[in-house]
Each structure stands twice: as C-alpha cells, then as structure tokens.
Amino acid sequence: MSLGFLDKTFIKALKRALESSKMNPIPRSGPEGEAVDCYSIYVTDDSGSYLAESVEGKLLVCNKWNEKQKSHNLRAKLNLEKLESMSFELTHYHGLITHSYNSRLKFLIYELTGYYKLVSLWLICKYKFPKFLYKHKFRT
C-alpha cells in the first residue's frame, strides 16, 4: 500500500516532532515552563497503546504499555504504512500552553502553518491582560 501526500507529510512532521528535545517530567510553571517546546505522542492500534520515541524510515519506534508494570517499557516498532489502523494522540507543550491533537489533519494544519503559535499568544494575552489592567488601574 502506498502512502498518499498527506500521510507522507504527516510522517515527516511526526519525525520532526519526535526529534525535538524531550523532558521528563515536563515543567508546567515558572520560567522553566515558559521555555518548554516538546511533544508527547501516544499511538493506539489493535495490539495496544504505545508511547512514540522516533521514526526510522517507515517504522515508528515506540514503547508499548506493560500492564503488569504500569509503564511504557516494552520496545516495539510499528509499520507507518498502516497509518489508517492507528490512532494518534499528539500533545505539544509550547511554553505554558498545551496543544492537544486527536487527528492527524489538525496536527498538520496547526504545526505546519505555525498556527499553534498564534493560539498560544492569544491564550497568554487573554489571561495576562486582565491582570495587567487590575495592577495598573487608576485609583481614586
């Protein structure tokens, strides 16, 4: 089965996301949280749940969920030519904002266009502007 244009583009974007820096645990507050730019990618298929690590050619290297140890510690490789049988939960930690994607198309639109940066800026302004007004309001 050959992959279509969108599938090939998704695999390239997935590879780029998995090559970005990884943090464990991911800081979600303070200056460390503001500097975060990393991804967490979970994959599910008929055989189970996986935490993606890297892309090697047409294989997705990941860790399978181990129910006994309650951890993703079983090494596995998934064939990316079978994308249709997999579901992805992609999470992008961008500063203090978390972007979650449950569809490959939404991930591509937000990530390739940089739209997630605009959303992050909007959310930060939305929460900081009222605080700014409150701090600097005129007192009579």
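The values are calculated or read from the model by the stated rules, or taken from the named source; none is laboratory data. Being a predicted model, the structure only gives us computed values, none of them experimental. Reconstructed Cβ throughout: ideal geometry from the backbone, glycine too, with neighbour counts over all protein chains shown. What goes into the accessible areas is simple: the full protein's heavy atoms, side chains included, and nothing from ligands, DNA or RNA. Shrake-Rupley method; radii C 1.70, N 1.55, O 1.52, S 1.80 Å.
Data for the structure
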| item | result |
| --- | --- |
| Helix 115-135 axis, angle to the chain major axis (alpha carbon atoms, nearest 10°) | 30 degrees |
| Surface accessible to a 1.4 Å probe, per residue, for the residues of the chain, Å² | 68 Å² |
| Theoretical FRET efficiency, 1/(1+(r/R0)^6), r = Cβ-Cβ of residue 9 and residue 51, R0 30 Å, to 0.05 | 0.85 |
| Over 27 Å between alpha carbons, listed pairs 77/117; 82/117; 15/106 | 77/117; 82/117 |
| 0 to 90° range, to nearest 10: angle between helix 5-19 axis and the chain longest Cα axis | 70 degrees |
| Answer label, with volume of the Cα convex hull per residue in Å³ calculated from the coordinates and candidates [x] 129; [y] 138; [z] 230 | [x] |
| Helical mean residue ellipticity (222 nm; -39500 (n - 2.57) per DSSP H run of 4+; nearest 500) of the chain | -11500 deg cm²/dmol |
| Positive-end extreme of charge dipole, the chain - chosen from 47, 17, 73 (charges on Cβ) | 17 |
| Within straight-line cross-link reach of residue 64, aspartates and glutamates at Cα separation under 20 Å, skipping those fewer than 8 residues along the same chain | 19, 45, 46, 53, 56, 81, 84, 89 |
